[in-house]
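Since the structure comes first, as structure tokens, the remarks are kept for the end.
The values are calculated or read from the model by the stated rules, or taken from the named source; none is laboratory data. Everything numeric here is computed off the predicted structure, so don't read it as measured data. In this analysis, Cβ positions are derived from the backbone assuming ideal geometry, glycine residues included, and neighbour counts consider all displayed protein chains. Areas reflect the complete protein model, heavy atoms only, side chains present, ligands, DNA and RNA absent. Shrake-Rupley method; radii C 1.70, N 1.55, O 1.52, S 1.80 Å.
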Amino acid sequence: MKFFVDTAEIDQIAELNELGMVDGVTTNPSLIMKSGRDITEVTKEICELISGPVSAEVTATKADGMIAEGLKLAEIAENIAVKVPLTWDGLKACKELRKEKLMVNVTLCFSANQALLAAKAGATFVSPFLGRLDDINLDGIALIDDIRCIYDNYGFETEILAASIRTVNHVLECARIGADVMTAPPKVIRNLANHPLTDQGLAVFLADIEKTGQKIL
Ligand code: E4P
């Protein structure tokens, strides 16, 4: 499963990238606002740092506007994936931008039928939002499972990009189901390394070696 980082914070992307944990980056208008940066400048910096796909989201709501914005965002770098919302206009824009050979990430997907439409429109990625479904007591993981089943039934090549990941369990379940990509905030990716038994075991090992008075260096 590929790891994308869901942030526009350059330092955090760089830190994870040094460990080989970053196959791509996703941003959205809220993450750009949070960064306090100019969308074009920060997206360019991210694209210079990361060779994988970097999603940058359009803000127009009509297909023509989305296409124009998508083409402009794509001028930033070759690894831009234009992010469009899963609306009828977004699907139209997806189809047109794909004709221009651009990567397109169809975002804000909350149902398997929406994901089916994204695949038929030729999306490079579809982004089902797990956490936001869980927030309203719906089953985000079941959605990923349904999309995996449907895409495999018909051999769709659109990659399932599990988004709105909030917990390490989301990551585990997505990997089990076979999501192609997951995008998570840096904190969730770092938390994947944590286990209380690792901490306990390490404390005992360190205490025991100290009792022997030995040092390696
Ligand atoms: C994905 O591309 C989105 O930017 C993101 O995962 C949304 O996550 P949130 O629901 O935690 O805002």
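What to note about this one:
- Converting phi to 3J(HN,Hα) with the Karplus coefficients 6.51, -1.76 and 1.60 and the offset θ = phi - 60°, the stretch 139-149 yields 9, x, 5, 4, 5, 4, 4, 4, 5, 4, 4 Hz in sequence order, with x at every glycine or proline.
- Against the main long axis of the alpha-carbon atoms of the chain, helix 39-49 sits at an angle near 50°.
- Accessible area in the full protein assembly, largest first, 1.4 Å probe, for 189, 150: 150, 189
- Accessible area per residue (1.4 Å probe, heavy atoms of protein chains only) ranks 103, 21, 33, 66 as 33, 21, 103, 66, with the largest value leading.
- The chain, relative contact order [Cα under 8 Å, separation at least 6], %: 17 percent
- Phi angles of the stretch 74-85 translate, via the Karplus equation with coefficients 6.51, -1.76, 1.60 and θ = phi - 60°, into HN-Hα couplings of 5, 6, 4, 6, 6, 8, 6, 10, 6, 9, 10, x Hz per residue; Gly and Pro are given as x.
- Overall size of the chain from C-alpha positions, given as principal axis extents largest first: 72, 38, 30 Å.
- Working note: Karplus 6.51/-1.76/1.60 with θ = phi - 60° gives the stretch 186-195 the couplings x, 4, 5, 5, 5, 5, 4, 7, 8, 8 Hz, where Gly and Pro are set to x.
- Between the stretch 111-134 and the stretch 47-83, the alpha-carbon center distance in angstrom: 18 Å
- Under 5 Å from the amide H of residue 6 lie the amide H atoms of 26, 184, each residue being 5 or more positions distant or on a separate chain, with H modelled from the backbone and absent for Pro and chain starts.
- For residue 83, the amide hydrogen comes within under 5 Å of the amide hydrogens of 56, 57, 58, 105, counting only partners 5 or more places away or on other chains and with H modelled in the peptide plane.
- Full-stretch length increase - residue 211, residue 21 - with 0.36 nm per residue and alpha-carbon distance subtracted: 64.7 nm
- Using heavy atoms of the protein chains and a probe of 1.4 Å, the accessible area assigned to residue 167 is about 60 Å².
- The stretch 2-212 - accessible surface per residue (Å², probe 1.4 Å): 52 Å²
- For residue 195, the solvent-accessible surface computed with a 1.4 Å probe is close to 90 Å², ligands and nucleic acids excluded.
- Rounded to the nearest 20 debye, dipole of the stretch 2-212 from Cβ charges on Lys, Arg, Asp, Glu: 500 debye
- Rounded to 10°, Cα long-axis angle of helix 88-99 versus longest principal axis of the chain: 90 degrees
- Among the protein heavy atoms of the stretch 31-143, carbon and sulfur supply 54% of the accessible surface, probe 1.4 Å, non-protein parts ignored.
- Cα gyration tensor category, rounded, prolate or oblate, for the stretch 94-208 with a/c compared to 1.5: prolate
- Accessible-area ranking of 37, 166, largest first, probe 1.4 Å: 166, 37
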